[in-house]
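Peer 1: Structure below; questions to follow.
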Amino acid sequence: MDFPKADTFSQAIMRERSMGPNPLKLCEELLGHAEMPAGSVVLDLGSGAGLTSALMARECGLIVYAADLWSDPSDNMRFFEGLGLTNRQVVPLKADATALPFAYGFFDAVVSIDSYNYFGRDPEYLGEHLLPLVKRGGELLFAIPGMVRDCHDDLPACLLASWTPGQLDYMHDMGWWRTNLSQTEGVEIVDMWEMACTREAWADWIECDNEYAAGDRAAVEAGALDHLSTIAVRLRRR
């Protein structure tokens, strides 16, 4: 696939700041299905070390609030400033996904790359904590690490080469996520699909020089990607 926006970031930056399968490519593919004009105010939920927020602000002209529980907002701001971005373009903050400090209807859209499965598996999460923050007609776009088909009752050995059954409980297939999301009133499932860049994003990730990428390498090399997918979700608030 071609990634003209993701490719504006160096391989060194991607490898240094990635926290999972290449978030820049996942973000670019996801945004290609969205309706977010420049100037839209967007929540990047689970923004990690800021790569996706930087792409949306610098390459798409969006005003981004980069919310993450585990990353340092000051470190992320230094990263953004190093790319020429200001605090009028991207605002980093530390926030719990279940206690987001924003007014109802504040955002034109929400984007969440490689993180929604940590907090969104509770079917009440979307309606209670996230949807009220989005304007009516606004979009919510998720790239969710998942499975081609749920196989928790008979986990393949290749998956267990890197992950425990407990860790794999965070992974589900598209049907499971459709059931989960359809329980929320006031939201329309516009589209769901298996992302085309999954294998490429994983290949980029396991080349990174950090302990988490190294830990995932065994499963990927054993064939885990035959069972894993990235599930793209496009929702609209009614």
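Every number here is computed from the coordinates shown, using simple stated rules; none is lab data. All of these numbers come straight from a predicted model, not from anything done at the bench. Cβ placement follows ideal geometry from the backbone for every residue including glycine, while neighbour counts extend to all protein chains displayed.
Peer 1: Mind listing whichever residues of the stretch 129-145 are touching a helix residue (DSSP H, G or I) at 6+ places or on another chain (Cβ under 7 Å) and not aliphatic (A, V, I, L, M)?
Peer 2: Phe142, Pro145
Peer 1: Give all pairs with beta carbons closer than 9 Å in which a residue from the stretch 168-194 that is under 16 Å from Asp122 (Cα atoms) meets a residue that is of a type in the set (S, T, N, Q); count only pairs at least 6 apart in sequence or on separate chains.
Peer 2: Sorted first by the residue in the stretch 168-194, then by its partner, the pairs are Tyr170/Asn117; Met171/Asn117; His172/Asn117; His172/Asn180; Asp173/Ser229; Met174/Ser229; Trp177/Asn117.
Peer 1: Still on this structure, I have one more. Just checking, how many residues over the stretch 121-138 are in a strand (DSSP E or B) and either closer than 17 Å to Ile231 by Cβ or over 18 Å from the mean Cα position of the chain (by Cα) (or both)?
Peer 2: Qualifying residue count for the region: 3.
Peer 1: Something else now. If you scan the stretch 4-32, which residues turn out to be assigned to a helix (DSSP H, G or I), among the hydrophobic types (A, V, I, L, M, F, W, C) and either surrounded by 23 or more Cβ atoms within 10 Å (Cβ to Cβ) or in contact (Cβ under 8 Å) with a residue 60 or more places away in the chain (or both)?
Peer 2: Once the filter is applied, which keeps residues that are assigned to a helix (DSSP H, G or I), among the hydrophobic types (A, V, I, L, M, F, W, C) and either surrounded by 23 or more Cβ atoms within 10 Å (Cβ to Cβ) or in contact (Cβ under 8 Å) with a residue 60 or more places away in the chain (or both), the stretch 4-32 yields Ala6, Met14, Leu24, Leu26, Cys27, Leu30, Leu31.
Peer 1: From the list Ala109, Ala161, pick out the single residue that is among the aliphatic types (A, V, I, L, M) and buried (at least 20 other Cβ atoms within 10 Å of the Cβ).
Peer 2: Result of the check over Ala109, Ala161: Ala109.
Peer 1: Here is a list: Arg199, Arg217, Arg149, Arg136. Which entry is among the basic types (Lys, Arg) and closer than 30 Å to Asp108 by Cβ?
Peer 2: Working: Arg199 fails: closer than 30 Å to Asp108 by Cβ; Arg217 fails: closer than 30 Å to Asp108 by Cβ; Arg149 fails: closer than 30 Å to Asp108 by Cβ.
The conditions single out Arg136.
Peer 1: Please determine, by comparing only the residues of the stretch 33-59 that are small (Gly, Ala, Ser) and not in a loop (DSSP other than H, G, I, E, B), which one is surrounded by the fewest Cβ atoms within 10 Å (Cβ to Cβ).
Peer 2: Within the stretch 33-59, the match that is surrounded by the fewest Cβ atoms within 10 Å (Cβ to Cβ) is Ala57.
Peer 1: Mind listing whichever residues of the stretch 160-184 are closer than 18 Å to Asp114 by Cα and either among the hydroxyl-bearing types (Ser, Thr, Tyr) or out of contact with any Asp or Glu (no Cβ under 9 Å at 6 or more places or on another chain) (or both)?
Peer 2: Within the stretch 160-184, Ser162, Gly166, Gln167, Leu168, Asp169, Tyr170, Trp177, Arg178, Leu181 qualify.
Peer 1: Right, here's the next one. Residues to consider are Asp44, Asp68; find the one that is under 20 Å from Pro132 (Cα atoms) and free of Cβ contacts under 8 Å to residues at least 60 places away in the same chain. Give the derivation first.
Peer 2: Working: Asp44 fails: free of Cβ contacts under 8 Å to residues at least 60 places away in the same chain.
Among Asp44, Asp68, only Asp68 is under 20 Å from Pro132 (Cα atoms) and free of Cβ contacts under 8 Å to residues at least 60 places away in the same chain.
Peer 1: Something else now. What's the total number of residues in the stretch 67-89 that are under 17 Å from the mean Cα position of the chain (by Cα) and either more than 15 Å from Asp44 (Cα to Cα) or surrounded by 13 or more Cβ atoms within 10 Å (Cβ to Cβ) (or both)? It would help to see each step written out before you state the result.
Peer 2: Of the residues in the stretch 67-89, the ones under 17 Å from the mean Cα position of the chain (by Cα) are 67-71, 76.
Add one more test, that the residue is either more than 15 Å from Asp44 (Cα to Cα) or surrounded by 13 or more Cβ atoms within 10 Å (Cβ to Cβ) (or both), and what stays is 67-69, 71, 76.
Counting residues in the stretch 67-89 that are under 17 Å from the mean Cα position of the chain (by Cα) and either more than 15 Å from Asp44 (Cα to Cα) or surrounded by 13 or more Cβ atoms within 10 Å (Cβ to Cβ) (or both) gives 5.
Peer 1: Could I ask something else about it? Scan (1) closer than 19 Å to Val111 by Cβ; (2) β-branched (Val, Ile, Thr); (3) outside any loop (DSSP other than H, G, I, E, B); (4) over 17 Å from the mean Cα position of the chain (by Cα) for the single condition Val233 breaks and write down its number.
Peer 2: Checking Val233 against (1) closer than 19 Å to Val111 by Cβ; (2) β-branched (Val, Ile, Thr); (3) outside any loop (DSSP other than H, G, I, E, B); (4) over 17 Å from the mean Cα position of the chain (by Cα), the one that fails is (4).
Peer 1: I'm trying to understand the selection: among the residues of the stretch 92-132, which are charged (D, E, K, R), without any contact (Cβ under 8 Å) to a residue 40 or more places away in the chain and closer than 18 Å to Thr52 by Cβ?
Peer 2: If the condition is that a residue be charged (D, E, K, R), without any contact (Cβ under 8 Å) to a residue 40 or more places away in the chain and closer than 18 Å to Thr52 by Cβ, then Lys94 is the only one that fits.
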